[in-house]
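Everything on this sheet refers to the single structure shown next.
The values are calculated or read from the model by the stated rules, or taken from the named source; none is laboratory data. For clarity, every value in this text was computed on a predicted model and none was experimentally measured. Cβ coordinates were reconstructed from backbone atoms using ideal geometry, including for glycine residues, and neighbour counts include every protein chain displayed.
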Amino acid sequence: MKYLKKTDPQIFKAILGEAKRQDEKLELIASENFVSRAIIEAEASVMTNKYAEGYPGRRWYNGCQFIDIAENLAIERAKKLFGAEHVNVQPHSGSQANQAVYFSMLNVGDTVLAMDLRCGGHLTHGHALNFSGKHFNIIPYGVDRTTERLDYDEIRRLAKEARPKMILAGASAYPRIIDFRIFREICDEVGAFLLVDMAHIAGLIACGLHPDPVPEAEFVTTTTHKTLRGPRSGMILCKKQFAKKIDTEVFPGIQGGPLMHVIAAKAVCFKEALKPSFKKYQGQTIKNAKTLSGALSERGYRIVSGGTDNHLLLIDLSDKKITGKDASLMLDKVGIVANKNLIPFDKQNANLTSGLRLGTPALTTRGMKEKEMTDIAELIDIVLRKDTKGLDAVKKKVKRLTRRFPLYKDLMKDLERA
Ligand SMILES: *Cc1c(COP(=O)(O)O)cnc(C)c1O
């Protein structure tokens, strides 16, 4: 980065600071991960210079022969990875992938049944300030009050009552398996189409470690930067009959030129995800989440729904006299990064919350396993117990752990040498 350092030392310094922060902290934000250096190289490439409005072989501008290679590889690999009939790799983000499906299939004012944001749904599932909540009639479904799991009978009842045009399955903070087959049945019973938003669990699905939505749903959307461990971006998978509709909605419907450097990086991500080592990684991510959940539970923390089936868990702090906001701030001070999160039927507002969401994708990428998860549960407990005398020891242990599992070793060296 010697050119950057010379041209813009302020930005260089910010990037160096961010690289160090990532290396020195324990990252437990469930939606984050660390991409490979190969992905960073593709994303930081000259492909950013090219306008490529349109699709491979059908572009508005000339000179797209190499761009087309990248996009075709991304499409073919994504199809293979998920067994999809059609793939659009151009959405800039998960939100834009969802927006394309909404706008291609619905009219403004149409009814959509989607996961309640207070029970784990995403902004694009009906937040009042989001396009979804502004333009569509969103009927939220939640989880059962006692099991804290999806109540499919209740979802069916709501669907029969509301007669939605679309049902949306998927969440940002739901630690359990989602039964897409039941969602399919409900959709068929009420004549709705099914959109599965697998943003959080795409990596698990790619490896067969979570039931597969692709055969069940007309549309599957995802981000590529969470468990899938690719660049920050989005993607749509759909049945062949909707291919043209979706492609037209992404471009020219809601986007202009695709981010070709990001699409190249997505192609690399899918290649990595097709390797056997990726399945091992996803399996370890789940094992780590189960271990972390179990160890916290043993230390007296109530885990929402009693545990986890996937890469994340939610701690209910309401009996600990501490809000999710304060918990996350206290943890950040010792180098443990996690986010506050509403829990089902939370009595606090969304700015305070009673919950803390923890995820293991990032730490598993660094190579951490069950032993480290047990150690981290102990560190979290010391912080949340407000054991002020223990805090210095926690900081030291965080440092020791991150040093034992270094991140971007040679990249850090390059940055410091620049
Ligand atoms: C993260 C997420 C998204 C959107 O992601 P962005 O890329 O940040 O727009 C959409 N849906 C769900 C369920 C998510 O968790």
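Within segment 179-203, the set of residues being assigned to a loop (DSSP other than H, G, I, E, B) and in contact with a strand residue (DSSP E or B) (Cβ under 6 Å, 6 or more places away or on another chain) comprises 192, 198, 199. Taken together, the residues in segment 103-137 that are crowded, with 22+ Cβ neighbours inside 10 Å, out of contact with any strand residue (DSSP E or B) (no Cβ under 7 Å at 6 or more places or on another chain) and hydroxyl-bearing (Ser, Thr, Tyr) amount to 1. Comparison of 377, 327, 393 shows that the only residue that is without any contact (Cβ under 8 Å) to a residue 40 or more places away in the chain and either not basic (Lys, Arg) or not in a strand (DSSP E or B) (or both) is 393. The set of residues in segment 370-407 being of a type in the set (S, T, N, Q) and modelled with pLDDT of 95 or more consists of 374, 402.
For first residues located in segment 112-140 and assigned by TED's automatic domain parsing to the domain that holds residue 180, partners that are of a type in the set (D, E, K, R) and crowded, with 24+ Cβ neighbours inside 10 Å and lie 6+ apart or on another chain with Cβ distances below 7 Å form the pairs 122/197. Residues that are within 9 Å of the ligand (Cβ to nearest atom) and free of Cβ contacts under 8 Å to residues at least 60 places away in the same chain were ranked within segment 198-243; the one that is farthest from residue 106 (Cα to Cα) is 224.
Against the list (1) part of a loop (DSSP other than H, G, I, E, B); (2) within 12 Å of the ligand (Cβ to nearest atom); (3) touching an Asp or Glu at 6+ places or on another chain (Cβ under 9 Å), the condition residue 164 fails is (2). Can you pull out every residue in segment 365-398 that is surrounded by 13 or more Cβ atoms within 10 Å (Cβ to Cβ) and among the basic types (Lys, Arg)? Hits for segment 365-398 are 366, 369, 385, 386, 395, 397.
Residue-wise test of (1) more than 15 Å from the ligand (Cβ to nearest atom); (2) closer than 24 Å to residue 209 by Cβ.
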residue	(1), (2)
119	no, yes
128	yes, no
132	no, no
138	no, no
150	no, yes
168	no, yes
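Here residue 222 clears all of (1) out of contact with any Gly (no Cβ under 7 Å at 6 or more places or on another chain); (2) under 30 Å from residue 366 (Cα atoms) except the condition numbered (1).
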